[in-house]
Each structure stands twice: as structure tokens, then as C-alpha cells.
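Structure, as C-alpha cells:
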Amino acid sequence: MKKRVGIEALAIAVPRRYVDIEDLARARGVDPAKYTAGLGAREMAVNDPGEDAVALAATAAARLLKQQDVDPAKLGMLVVGTETGVDHSKPIASHVHGLLKLPRAMRSFDAQHACYGGTAGLMAAVEWIASGAGAGRSALVVCTDIARYGIKTAGEPTQGGGAVALLVSEQPDLLAMDVGLNGACTVDVYDFWRPVGRREALVDGHYSINCYLDALSGAYRGWRERALAQGLVRWGGTMPSEQLARIAYHVPFCKMARKAHTQVRLCDLEDAVGPGPNTPEAREAVAKSAASFDAQVARSLNVNARVGNVYTASLYLALTGLLDAEAATLAGQRIGLLSYGSGCCAEFYSGVVGEKAAERMARAGVEDVLARRERVSVEEYERLMGLAPDAPEALTPEPGTFRLAEIREHRRLYAGGTVA
Ligand code: CAA
């Protein structure tokens, strides 16, 4: 019998401060509706140099182990997905391993492919367990990033930061993955990139949206072909994508999930056999159905709208938002997930929500984590953006969180982690 493998539990970490997106719009002389209705944003996480990608990853991972009472001795793999690396050589995973005092007898590494790196890590963990190589052990996968485009750029309202830690095991209480059905698509493009040494990303914004939609189409069609062959979805009646209870997307900004959902529906409408809308205009009208978006996607976006883009973690913040809102309703139902990383690679996969998902999510305390944050002014946000990355402010870490304290002789030293 095939092993059941997937996500057992998750935890999130976010910077302690955020700006209200309407404050930012007013400060930039932009109609706030452009950021709220046009991009779908509400709040944007703002990190200070003490909350770097390592500190956020370690905080999320420590929170996961504590909240879910995980025995570290059962872990055999630690993967960090990130595009906010702090060193060319020493991975964030080794920092997390040390800060959490994890056992020596385990594999650890970082996975990088823009926002897809977290999913690459998750699939390495899932397939390691599914193959039997894990010999019954679990994996810790952490997605951590700081999305930074710079003040007064078009990307500014789509910044953010944070981390999501995932426990992957043979007890998939949150999501049992449909191993073997994933569809992937890779294309060599320059849509978004961050040359070595630069803190801010370079991005061809509108082109990046098209690259996302193009790669999504390839990935979704790949998944659909396998899901049809296995009889998990079918042509006739509703479209295959409508047979998924929900779909969580990579969310660089919330409006992108709407565009992505329209594209998935267009793939079904273009490929459908039998009667249906038969002009591009008619297909587009059906694809844009607000009712479908509201039913299948809208409720996954609550956390993303309050944090902003977190690159590798964005899809997993959407999964967090979805399960936090609807785990009990979705128990036993199949959902789809779409990961996108610029450069570019997309992967579409599916899984079945577990019966214990609501109980697991209650322990994650997502609303508490968000509610503990402080709203700051645009002036304070600009001050924080201007701080040198290697000179963190001397702040006491909040209980249970880590902070970069100092860089001494090119070694990063962290403080905190004491559990409240
Ligand atoms: N009221 C309501 N809506 C308004 C409005 C108003 N007053 N003014 C504008 N809008 C709408 C526009 O119609 C548009 O909506 P549609 O896309 O549905 O047409 C939306 O607000 C945005 O307006 P613009 O396209 O004019 O915005 P922009 O050019 O200033 O920038 C952006 C938008 C390109 C997304 C920019 O924020 C950006 O470059 N962001 C970073 C790149 C990014 O996130 N790319 C996503 C794909 S790549 C990826 O996914 C990887 C990753 O994580 C980076």
C-alpha cells in the first residue's frame, strides 16, 4: 500500500511591525483603492535588520516544535526554502539547526529557486518520506523570505516578510499529498531577479505576471492530465478545476490569485471537449466568474493581505489562511496548490485535508501571531528600510523569537529563542 505522506502541522512567524497599506498609498500620493482593490492588500509587514531570514525561519520552526509538541529526535531532514540567503555557502538551515539545538543525525540544506524554493524543499521532503528513505522519520521544511523592492518603486506596496514552518510526515493531519500527480513547468526568463550583493529585487512587473500565468498553465495542465488518468477529476458536468474544493495560489499580491484562478479556468475552457463557450471573449467571461473565485479562492487570502509578499512562504501563508478559516469544513476534501518561482518554475499539486486539521490549526494561533504586531507610520517604515543590514538595533527579542544580534568577524550571532 502507498504511504500517506504530507503536511502534519505548520507555524508562522512575521516581523513585529507592519504599515497599513492605505497609509502607504496616501504617503505616495496614490489613490488607496489602487493598493486595496487594485492589488488586494491591507497591511504590509516591515522587518528591521534584526529580523532577518534566519531569525524568522528559526522563530517559525521553534514555534512549530513547541506548539505541536514535536520530538526533535524524530526529525531526519531540515530544508529551508529561501531567496533571501545570508551567505553564499553556509545555509540558513545550519543556523536553524544550531539555534533549535536539533539532533546531529540529520540532513540539512537550503533550496533556492526564487519563490519556488519552499515547494522544492517540500517536495524533496515528501518524496524522501514516500520513497521509504526517511525510514519513518519526519522532515522540517521552512520557507523564509523578506520581499524588498525599495521605496517609491512600483513593487513597493507588494513587499512583506515572514516565514512558515511545515512538519512533513507519514501523519498528514493537515494535508495528505497526492504523490505522483504534480505538474511542473520551467521556462528560462528574466522576470524578477536579485543579483548577488543587491538587497532589492529587480523586476519587470507586468512581464512577471505573464510569466507566472504562462508557467501556471503548463503546471496545471500537467497535474490535470495525471488527475484525469487517475479518475480524481473528470470532464463533463463541472470543469476539472471546479472539482477541487479550493485552490491556494502563490500570492505575490492578492489580486494575482484572482488572475491565476481565471487562468486555470481558461485552461479548462480551452481544452474542454463538448459544448461550451466557443469564442475567446465568451471563455474569458466564464473564466472570470466572481462566484468561482469567491467559492474556491477568496478565503485563502486573509493572511497574505495582512502580511504582503513572503516569496517562498506566500503559497504556504495562503494554505495557512485557508485552513485557519475552513479546516473543519474542508476535512476529507481535495484542494489544489500552485507554486510559482520567477526565473521561472511553477508546480501544481493537490492533497486531501485531514480530519485533524482544525485541531492542528487551533494550536498554530495564527490570529494571535498577527494581532501581537505593532502598526507603524510610513516615516518609521522608511527609517527601518534605511537601516544597514549588518547593524541590527539592540532590541530584546520577544519571548520565543530569535533576532540577529550582531555580525562579528563575518559570523552572524543570534539572540533569543527563550520560550515564554
Ligand atoms: N482603483 C482601483 N484599482 C486600481 C486603481 C484605482 N484607483 N488604479 C489602478 N488600479 C488597478 C489596475 O487596474 C490594476 O488592476 P489589474 O491588474 O486587474 O488591471 C492594479 O490596480 C495594479 O495597477 P497597475 O498594473 O497600474 O500597477 P503598477 O504597474 O503600478 O504595479 C505590479 C503593479 C506590476 C504588480 C507591481 O506592484 C510590481 O512590480 N510588483 C512586483 C512584481 C510581482 O509581484 N509580480 C507578480 C508575478 S512574479 C511572482 O509572483 C514572483 C514574486 O513573488 C515576485
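Looking at the P(r) of the chain, how many percent of alpha-carbon pairs lie beyond 31 Å?
Here the long-distance tail beyond 31 Å is 34 percent of all Cα pairs in the chain.
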For the chain, dividing by residue count, accessible area per residue (probe 1.4 Å) in Å² works out to 41 Å²
Extend 7 Å from the Cα of Glu382 along its Cα-to-C-beta direction; within region 27-66, residues with backbone N under 14 Å of that point are 27-30
Note to self, the chain gives a 222 nm [θ] from helices alone (DSSP H runs n ≥ 4, -39500 (n - 2.57) apiece, / all residues, nearest 500) of -11000 deg cm²/dmol
Pseudo-spin-label distance Asp390 to Glu374, built 7 Å along Cα→Cβ, given in nm, is 2.7 nm
Share of accessible surface on carbon and sulfur in region 23-76, whole %, 1.4 Å probe and ligands ignored, is 51 percent
The percentage of the accessible area of region 189-247 (probe 1.4 Å, all protein chains present) made up of carbon and sulfur atoms, to the nearest whole number, is 49 percent
In this structure, among Lys90/Lys356; Lys34/Lys152; Lys34/Lys259; Lys288/Lys356, pairs with alpha-carbon gaps over 25 Å are Lys90/Lys356; Lys288/Lys356
With all protein chains present, region 279-420 has a carbon and sulfur share of its accessible area (1.4 Å probe) in percent of 51 percent
Mean Cβ-within-10 Å packing, highest first, puts peptides 119-131, 395-407 in the order 119-131, 395-407
Quick calc, Ala282 & Lys3: beta-carbon distance into FRET formula, R0 41 Å, rounding 0.05, result 0.40
Distance in nm between Thr186 and Arg104 label points, each 7 Å along Cα→Cβ, equals 3.6 nm
Expressed in angstrom and rounded, the centroid-to-centroid distance over alpha carbons for region 260-319 and region 219-250 is 13 Å
Once both label points are put 7 Å beyond Cα along the C-beta direction, the Asp87-Glu127 separation in nm becomes 2.8 nm
Relative contact order of region 6-416 (C-alpha contacts under 8 Å, at least 6 apart) in percent is 25 percent
Per residue, the convex hull enclosing the alpha carbons of region 202-247 has a volume in Å³ of 91 Å³
At q = 0.15, 0.21 Å⁻¹, the log10 of I(q)/I(0) for region 127-273 from a Debye sum over equal Cα scatterers comes to -1.02, -1.34
The distance between the Cα centres of region 132-157 and region 378-397, in whole Å, is 21 Å
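The values are calculated or read from the model by the stated rules, or taken from the named source; none is laboratory data. Quantities reported herein were computed from a predicted structural model and do not represent experimental measurements. Because the Cβ atoms are built from the backbone with ideal geometry, glycine has one as well, and the counts that use them run over all protein chains shown. To get the accessible areas, we keep the full protein, side chains included, count just its heavy atoms, and leave off ligands, DNA and RNA. Shrake-Rupley method; radii C 1.70, N 1.55, O 1.52, S 1.80 Å.
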